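The values are calculated or read from the model by the stated rules, or taken from the named source; none is laboratory data. Computed from a predicted structure; not experimentally measured. For neighbour counting, all protein chains shown are included, and Cβ atoms are generated from backbone atoms with ideal geometry for every residue, glycine included.
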Amino acid sequence: MTIGGSFSFQLMISSKLILIIYAFGAVGVTVSSLVLMSGRFLWEGIIGIIVGNLVWKLVCETAIIYFRISDPSGQLAMIHQELKRSVK
């Protein structure tokens, strides 16, 4: 990991950043659901914990997939290289 790699966009930090955002979001969903449960909305809070965290995880995983598709060292790049070799 070099500074030159960061400025040439060879090093991608978006996946790591999304993991941090996911952690804060999961804590936020859980805390808000617990606050909801402390009132008169017990079942809504329980559903919020389960469904809210599941939906939040799916959203973050989708974002990570979008970034991994364009990853130059990922599976898609290897498939592309194999196809280029087989055509020649």
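Inside the stretch 41-67, can you point out the residues that are aromatic (F, W, Y) and at pLDDT 95 or above?
The first filter runs over the stretch 41-67 and keeps only residues aromatic (F, W, Y), leaving 41, 43, 56, 66-67.
Selection gives W56 alone.
Within the stretch 68-88, track down each residue that is among the charged types (D, E, K, R) and either modelled with pLDDT of 75 or more or surrounded by 11 or more Cβ atoms within 10 Å (Cβ to Cβ) (or both). Let's see the steps before the verdict.
Step one: of the stretch 68-88, the residues among the charged types (D, E, K, R) are 68, 71, 82, 84-85, 88.
If the condition is that a residue be among the charged types (D, E, K, R) and either modelled with pLDDT of 75 or more or surrounded by 11 or more Cβ atoms within 10 Å (Cβ to Cβ) (or both), then R68, D71, E82, K84, R85 are the ones that fit.
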